[in-house]
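Taking it in order: structure first as structure tokens, then the write-up.
Here, each number is a calculation from the coordinates, and none is a lab measurement. All values reported here derive from a predicted model rather than from experimental measurement. Cβ placement follows ideal geometry from the backbone for every residue including glycine, while neighbour counts extend to all protein chains displayed.
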Amino acid sequence: MKRNIHVVGTGTIGEPLIGLLTTYREELGIDELTFHKRTATPLDQPKIKDLLNRGAKLCVDGPAREEFKAMDLEVSYGVEEAVEKCAVVIDCTPMGNQMKETLYSKFDDGSRLFVAQGSEFGFGKPYARGINDDTLVHGEDKYVQIVSCNTHNIGAILQNIAFEPHGEDNLIRGRFLCIRRANDISQAGKFIPAPEVGKHGDPEFGTHHARDAYHLYKTKDLELDLFSSAMKVNTQYMHILHYDLDLRRATDKETIMEQVLGNDRIAITDQMNSGVVFSFGRDHGHYGRILNQTVFNVPSLHISRDGKSVSGYCFTPQDGNSLLSSAAVAIWHIYPDEVARRLACFAPCFFSRV
């Protein structure tokens, strides 16, 4: 089997992921990058053409093949043919669980890895780069769910404030508020005229963000007391996360800053405005995204007098953290002993300060 990667979907995660993997295809050791687009929409023609020019190959089934060809878009494979030829499938649509039942299970012979994104809870083992890499097992983990961008952010805060260097039993409880953008700037619909609060649909965790973080750490045999709320604000700028942690052992600003500054997946900022941070990513990142898991806001950091309560704000850098984890788990499957070396090519997409 060739070291091919197949990406399903060309939306807010799929398109930049295809771009990332084609840009660094040689360094990552990918033989061929294919992608599936279901419908031929004239508005999507320019971006698909650009992805083809970057070296990706389009996969389409049925009558839609002729529709794509009519838009001067070359179709290389059918969908099943592409899946059969690849080592990794990364589904970036909200249909991952459905596709698992109808298509991916037919190719589940143990040689391929199937990956879905954060909305597809239950697809497989939850994963975030740098959080639970040591739980991945070749031959056993054939289905992996990349947790959402905000869940990556929660994981980064837990890992670097609560756990390291204090130990994984240090967290008493964590409370989080995800202040989310209304929609991505690439999306024309679902914008809201005013801030909108979200429901607490999960009786234990509030929203899926804490639930997914709980299951992410459960892969490490940790069962954490987590709760999250969410709201949308009428902006297209990046998400903001408020965290509030109760700890067993006291910490201080010096310890926290030493930890976050020592983690290359965390950027720090003194900027208070999410638009400024968002603009930095658009100007300097890949497809407008930096790949850091979180942008830690230093001025908002608050530590109680006894050092056992920590709160503050951080920015969720678009969905760049999900792109990193998607690429990382794919390379782990193809080159299990070369992940760090292969991913070193992403260094220009990381920043220590924003």
Report summary line: Filtering GluC sites (Glu not before Pro) in segment 144-226 by DSSP loop and by at most 15 other Cβ atoms within 10 Å leaves 168, 204, 223
**Report entry** Cα centroid separation - segment 208-236 against segment 37-55, whole Å
**Finding:** 34 Å
Query - Selected from 118, 185, 198, residue furthest toward positive end of dipole (segment 111-250; charges at beta carbon) - result: 185
Report summary line: Restricting to lysines and to Cα separations under 27 Å from residue 69, and discarding same-chain partners fewer than 8 apart, the set is 2, 37, 47, 49, 57, 85
Requested in this report: Work out the charge dipole of the chain with +1 on the Cβ of Lys and Arg and -1 on the Cβ of Asp and Glu about the Cα centre, then indicate which of 240, 332, 352 is farthest towards its positive end.
Outcome: 240
Report task. Whole Å is fine, so just give me how far the alpha carbon centre of segment 244-318 lies from that of segment 102-120. Result -> 34 Å
Query raised in the report: Of the beta bridges DSSP finds with both residues in segment 201-354, what % are antiparallel, to the nearest 5?
Result: 70 percent
Requested in this report: Return the loop-located trypsin sites (Lys or Arg not before Pro) in segment 298-354 (DSSP other than H, G, I, E, B) with at most 13 other Cβ atoms within 10 Å of their own Cβ; answer none if there are none.
Outcome: 305
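Which chymotrypsin sites (Phe, Trp or Tyr not before Pro) in segment 278-332 sit in a loop by DSSP (not H, G, I, E or B) and have at most 15 other Cβ atoms within 10 Å of their own Cβ? Each step should come with its number before you reach the end.
Details: sites: 278, 280, 287, 296, 313, 315, 332; in loops: 287.
Of the chymotrypsin sites (Phe, Trp or Tyr not before Pro), not one in the loops of segment 278-332 has a Cβ with at most 15 other Cβ atoms within 10 Å.
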Query raised in the report: Out of these labelled values of Cα extents along the principal axes in Å, [x] 168, 65, 36; [y] 51, 45, 41; [z] 67, 46, 39, which was calculated from the coordinates shown here?
Result: [z]
